[in-house]
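The values are calculated or read from the model by the stated rules, or taken from the named source; none is laboratory data. The structure displayed is predicted, hence computed values, not measured ones. Cβ coordinates were reconstructed from backbone atoms using ideal geometry, including for glycine residues, and neighbour counts include every protein chain displayed.
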Amino acid sequence: MQRTTQRTSQFMWKTSTVKFFALALVVLLVSGLFAACGSAANAPAPTSAPVATATTAAVSTTDTVTETTTATDTTATTEVTTTVGTTTTGETTAPVESVITDSVAMESVALTKFNINTVTPEEILTIPNTGNRMVREFEEYRPYVSIQQFRQEIGKYVDEAQVAEYEQYIFVPISANDSDAATLQQLPGVDETVAAALIAGRPYASNEAFLAALAQQVSPEQLAGAEGYLETE
């Protein structure tokens, strides 16, 4: 009887021990669950990215136009400045193609056109819509003494519009004392009225005297390119 009681006591002690550890495990699991829920509840709500606002201010001066764009948010400011001739962003600079002034362009007019009496076959072929046939025709009627002669002879092979296009690339040399009004009008700024005034002022003792008379009729920029059209003395 005594042994039976001891065995019963040992069984109950073991059972109580198991129940205790099981209860402790449940308590730990529940505590962990509540802790996790509390952390999630206390986490800061996500915020959207700041929206940048842009302001633009333009400053104008005689020689330089500067545009400043400032992008602003809660943490940073970026400035971009563009200047005529150079674009600067931070430390990177990109050159801007320079613009040729009217005076420089006028000075190079004669250099961009070919003297029809001396132009080479290779140079003629650089003119749009020519080809080997027009090389022969251009050379056949040399020397040209007037632009009207060029128009008449070359007009046998192409239409008037094409002849006019060729004239953008060639010129007939001008004689201060002999060229007709149409030939004089190849000069920058010279129209029928100016050509008539130049003819009325003949004879000219030299090309310099002719250019002095031309200077009374055209701008300095136009005069700068005129000398290249004149026959050499």
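Give the residue, chosen from R151, R202, that is under 28 Å from P128 (Cβ atoms) and not polar (S, T, N, Q).
R151
Does the range 74-92 contain any residue that is over 31 Å from the mean Cα position of the chain (by Cα) and modelled with pLDDT under 50?
Within the range 74-92 (the criterion being over 31 Å from the mean Cα position of the chain (by Cα) and modelled with pLDDT under 50), the answer is yes, since at least one residue qualifies.
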**Request:** Hey, could you check the range 138-162 for residues that are within 15 Å of F114 (Cβ to Cβ) and part of a helix (DSSP H, G or I) and say which is farthest from the chain's Cα centre (by Cα)?
**Result:** E139
